[in-house]
1. Which one of Leu49, Leu43 is at pLDDT 95 or above, within 17 Å of the chain's Cα centre (by Cα) and over 23 Å from Leu151 (Cβ atoms)?
2. Can you tell me which residues in the range 103-123 are out of contact with any Ser or Thr (no Cβ under 8 Å at 6 or more places or on another chain) and at pLDDT 95 or above?
3. For the subset of the range 231-252 comprising residues that are part of a loop (DSSP other than H, G, I, E, B) and of a type in the set (D, E, K, R), which member is nearest to Leu43 (Cα to Cα)?
4. Within the range 82-93, which residues are among the small types (Gly, Ala, Ser) and crowded, with 17+ Cβ neighbours inside 10 Å?
5. Could you tell me which numbered condition Ala32 fails, if it satisfies all but one of (1) among the hydrophobic types (A, V, I, L, M, F, W, C); (2) exposed (fewer than 14 other Cβ atoms within 10 Å of the Cβ); (3) at pLDDT below 95; (4) touching a helix residue (DSSP H, G or I) at 6+ places or on another chain (Cβ under 7 Å)?
6. I need every pair where a residue in the range 187-199 that is over 13 Å from Ala176 (Cβ atoms) has its Cβ under 6 Å from the Cβ of a residue that is among the hydroxyl-bearing types (Ser, Thr, Tyr) and not in a loop (DSSP other than H, G, I, E, B), sequence separation at least 6 or different chains.
7. Take the residues in the range 150-200 that are over 15 Å from the mean Cα position of the chain (by Cα) and of a type in the set (Lys, Arg), then tell me which one is surrounded by the most Cβ atoms within 10 Å (Cβ to Cβ).
8. Of everything in the range 94-148, what is of a type in the set (Asp, Glu) and under 21 Å from Arg15 (Cα atoms)? Give them in sequence order.
Amino acid sequence: MSEGISYRFTRAVVRTPCNDVIHGLRAVERGAPDAALFRAQHLEYRGILESLGLEVTVLPALEEFPDSVFIEDTALCLPEGAIILRPGTDSRRGEALASAESLDSMGLDLMEIGPEGTVDGGDILVTGPVILVGLSARTNLRGFESLRTILAGWGYDARVVDTPADVLHFKSGCNALDDETLLCTSCLANDPQLREFRILTVPPGEEAAANSIRVNDKVLVPRGFPATADLLTDAGFDVELLPVSQPALLDGGLSCMSLRYSD
């Protein structure tokens, strides 16, 4: 396990948005995404990952699964291997099976969550040897316990945290900037479960920018949140702005659209 595991990556896996992405799940109706614009934004996202030195594997669209572009919910990839997750929404379980087939064909060692639990990747935050797992409407305690057992065998300390009731996934409100620093919304900034970390708090009105991700030497930030971009720049991070207006209509963001790991 190397330093910087939360943000140093050599590989990424993404899945092309399907035409039926317009029918993806959403907690709040803000209108359907435009499939063509979604694909354009996804292509720009892929390009940024490649420009940062990652070898990006592009998986084909799954037309029967509108949310399959949000591949992060189906697996957790670490240097030791991949853990196939069990999404908390029944209609997405087939996505995990498809990810398992692809990751197996890529030569990754696979483990999987037991059938009694559910875990969405959007609730898993890697912060070096400590991995935080938020309990949510999509991730339950049995799923966490199954995940913790696997991670313990690989030398990680998995810890359960509480996701605020009005937040879909833990990483909707909290992401790692390095192994010691978190970017959080105000509702998580003072959470005692996070007290060992240095916390940068997203400015009011820009809560969606908490789903920014550190990839090697850049912090990728959703476009349209200038105060958050300034906060990160002032803290010494190199910021890259990306458009995610279409994924946002489906409660998605920058972390959701790739599996990032180092081999």
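1. Details: Leu43 fails: within 17 Å of the chain's Cα centre (by Cα).
That would be Leu49, the only listed residue that is at pLDDT 95 or above, within 17 Å of the chain's Cα centre (by Cα) and over 23 Å from Leu151 (Cβ atoms).
2. Step one: filter the range 103-123 for residues out of contact with any Ser or Thr (no Cβ under 8 Å at 6 or more places or on another chain), giving 103-105, 107-112, 115.
Leu103, Asp104, Ser105, Gly107, Leu108, Asp109, Leu110, Met111, Glu112 - these are the residues of the range 103-123 that are out of contact with any Ser or Thr (no Cβ under 8 Å at 6 or more places or on another chain) and at pLDDT 95 or above.
3. Kept after step one, since they are part of a loop (DSSP other than H, G, I, E, B), are these residues of the range 231-252: 235-238, 243-244, 249-252.
Next cut, of a type in the set (D, E, K, R) only: 238, 251.
Numbers: Asp238: 21, Asp251: 19 Å.
For the range 231-252, the residue satisfying everything is Asp251.
4. The first filter runs over the range 82-93 and keeps only residues among the small types (Gly, Ala, Ser), leaving 82, 88, 91.
Result: Ala82, Gly88.
5. (2)
6. The qualifying pairs are Ala189/Thr201.
7. Across the range 150-200, the extreme among qualifying residues is Arg159.
8. Taking the range 94-148 as the starting set, the residues that turn out to be of a type in the set (Asp, Glu) are 95, 101, 104, 109, 112, 116, 120, 123, 145.
Glu95, Glu101, Asp104, Asp109, Glu112, Asp120, Asp123 - these are the residues of the range 94-148 that are of a type in the set (Asp, Glu) and under 21 Å from Arg15 (Cα atoms).
The values are calculated or read from the model by the stated rules, or taken from the named source; none is laboratory data. Small disclaimer: the values here were computed from a predicted structure and weren't measured. Neighbour counts run over all protein chains shown; Cβ positions are idealised from the backbone, glycine included.
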